[in-house]
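So the structure is just underneath, and the comments pick up after that.
The values are calculated or read from the model by the stated rules, or taken from the named source; none is laboratory data. Because the structure is a prediction, the values reported are computed rather than measured. Neighbour counts run over all protein chains shown; Cβ positions are idealised from the backbone, glycine included. Quick note on the areas: whole protein, heavy atoms, side chains included, nothing else; ligands and nucleic acids left out. Shrake-Rupley method; radii C 1.70, N 1.55, O 1.52, S 1.80 Å.
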Amino acid sequence: MDTSNINLNIELRETTADDLPIFFEQELDPVAIEMAAFTAKDPSDRQAFDAHWAKVMADQGITLRTILCDGQVAGSVVCHSWDGEPELSYWIGKEFWGKGVATRALALFLELLTTRPLLARVAKDNLASIRVLEKNGFELAGEGVWFSNARGKDVEELAYKLK
Ligand SMILES: CC(C)(COP(=O)(O)OP(=O)(O)OC[C@H]1O[C@@H](n2cnc3c(N)ncnc32)[C@H](O)[C@@H]1OP(=O)(O)O)[C@@H](O)C(=O)NCCC(=O)NCCS
């Protein structure tokens, strides 16, 4: 799909507590959960979600932004170093998919976060996410197998890096 001609206003802004219920709903979508594969054990557990986001919001070492699409909260993009190296992840609400939102949001995020190298891990069959990474200059750097909570089994995973 050619998304280059869709004229949407994509912006990043600081995340606020008001965004969290929207992220919760976006991260409950079964198709998205299956796609992302490496999710929380129970994405419908609001307490666990709140605890996770309280940790994220309190961590000074994290770079976190809310993605706006024509002023609406379309998702989030975050970089943390909880496993050692700076690692990126993002989530776009399903109603915003296929419009170039993730690609453009990631490009904006990489302008404000200049830390390199940056790691991103993705299920091998998450072709949309792989495409988003490749369009932003990430290159394949490794692969492995991790347990997927969403799928209840081991799933092949690729590591991408931006140098
Ligand atoms: C993956 C995700 C971020 C993509 O967001 P998006 O805003 O739809 O992405 P974009 O529109 O910017 O780009 C998607 C690209 O993948 C392509 N794509 C989409 N579905 C595809 C598929 N099934 N197979 C191959 N390519 C696909 C699109 O054509 C586009 O590439 P193009 O511009 O070259 O045509 C979004 O689906 C999402 O948040 N999913 C759930 C959470 C998740 O997987 N997060 C990432 C974890 S690593």
Tell me the carbon and sulfur percent of the accessible area for the chain, rounded to whole percent, probe radius 1.4 Å. 51 percent
Net charge near residue 155: determine it from the other residues with C-beta under 12 Å of the C-beta of residue 155, scoring Lys and Arg +1 and Asp and Glu -1. -2
Separation of the residue 127 and residue 94 label points, Cα + 7 Å toward Cβ, nm: 1.9 nm
Under a 1.4 angstrom probe, counting protein chains only, how are 151, 116 ranked by accessible area, largest first? 116, 151
For residue 153, counting only lysines whose alpha-carbon sits under 20 Å away and dropping same-chain residues fewer than eight positions off, the answer is 41, 124
Taking every eigenvalue of the Cα gyration tensor of the chain, multiplying by 5 and rooting it, what semi-axes result, largest first, whole Å? 21, 20, 17
What helix-only [θ] at 222 nm does the chain give? Using -39500 (n - 2.57) per DSSP H run of at least 4, over all residues, to the nearest 500, the answer is -8500 deg cm²/dmol
Please list, by residue number, everything in segment 51-69 whose backbone N is under 14 Å from a paramagnetic label point 7 Å out along Cα→Cβ of residue 85. none
